[in-house]
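Asks: I am attaching a structure below and will ask some questions about it afterwards.
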Amino acid sequence: LAIEQVSREIVRRFNGESTRFEMRLDPPELGRVEVRLEVSRDHRVTATVTADNPQALADLVRHARELQQTLQSAGLELSDAGLSFDLRQGREG
């Protein structure tokens, strides 16, 4: 599942600061996902996940709750804005 890959990678890379990374999903036809994490003064995390592929995006949105729980059990406290998902438009490559 895309969501498992994304949550694992967020937890692995998170270092308590604003962080941004891209990852390629498996299988490759799911495309790439860009994750942007911002941490507020009160240490709450806002995550923005941008997917290349509409199918991958739908999968991520469908399992958003799971992602939230994974992050929280890893010690990341999500802000009220918490998670947002976006489809990357018109970027070829």
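The values are calculated or read from the model by the stated rules, or taken from the named source; none is laboratory data. On a predicted model such as this, the values are computed, not experimentally measured, just so you know. FYI the Cβ positions are ideal-geometry reconstructions off the backbone, even for glycines, and counts take in every protein chain you see. Only protein heavy atoms, including side chains, enter the accessible area calculation; ligands, DNA and RNA are left aside. Shrake-Rupley method; radii C 1.70, N 1.55, O 1.52, S 1.80 Å.
Asks: Could you please let me know if Ser84 is surrounded by fewer than 14 Cβ atoms within 10 Å (Cβ to Cβ) and in contact (Cβ under 8 Å) with a residue 24 or more places away in the chain?
Replies: yes
Asks: To continue, here is another question. Would you point out the residue of the range 67-77, among those that are not in a strand (DSSP E or B) and not aliphatic (A, V, I, L, M), that is surrounded by the most Cβ atoms within 10 Å (Cβ to Cβ)?
Replies: This residue is Thr70.
Asks: Of the residues in the range 43-77, how many are touching a Lys or Arg at 6+ places or on another chain (Cβ under 7 Å) and among the polar types (S, T, N, Q)?
Replies: Here the count works out to 2.
Asks: In the range 4-44, what residues are hydrophobic (A, V, I, L, M, F, W, C) and touching a residue at least 40 places away in the same chain (Cβ under 8 Å)? Show your work before the answer.
Replies: Here is the first cut: in the range 4-44, the residues hydrophobic (A, V, I, L, M, F, W, C) are 6, 10-11, 14, 21, 23, 25, 30, 33, 35, 37, 39.
Correct list: Val6, Ile10, Val11, Phe14.
Asks: Of Val49, Val61, Val45, which residue is touching a strand residue (DSSP E or B) at 6+ places or on another chain (Cβ under 6 Å), β-branched (Val, Ile, Thr), open to solvent by less than 30 Å² (accessible area, probe 1.4 Å) and within 16 Å of Leu1 (Cβ to Cβ)?
Replies: Selected residue: Val49, the only one of Val49, Val61, Val45 that is touching a strand residue (DSSP E or B) at 6+ places or on another chain (Cβ under 6 Å), β-branched (Val, Ile, Thr), open to solvent by less than 30 Å² (accessible area, probe 1.4 Å) and within 16 Å of Leu1 (Cβ to Cβ).
Asks: Sort out which residues of the range 39-61 are under 18 Å from Pro27 (Cα atoms) and more than 11 Å from the chain's Cα centre (by Cα), and write them in order of number.
Replies: If the condition is that a residue be under 18 Å from Pro27 (Cα atoms) and more than 11 Å from the chain's Cα centre (by Cα), then Asp52, Asn53, Pro54, Gln55, Ala56, Ala58, Asp59 are the ones that fit.
Asks: Taking the range 23-42 on its own, how many of its residues are within 20 Å of Ala74 (Cβ to Cβ) and open to solvent by 40 Å² or more (accessible area, probe 1.4 Å)?
Replies: Number satisfying all stated conditions: 5.
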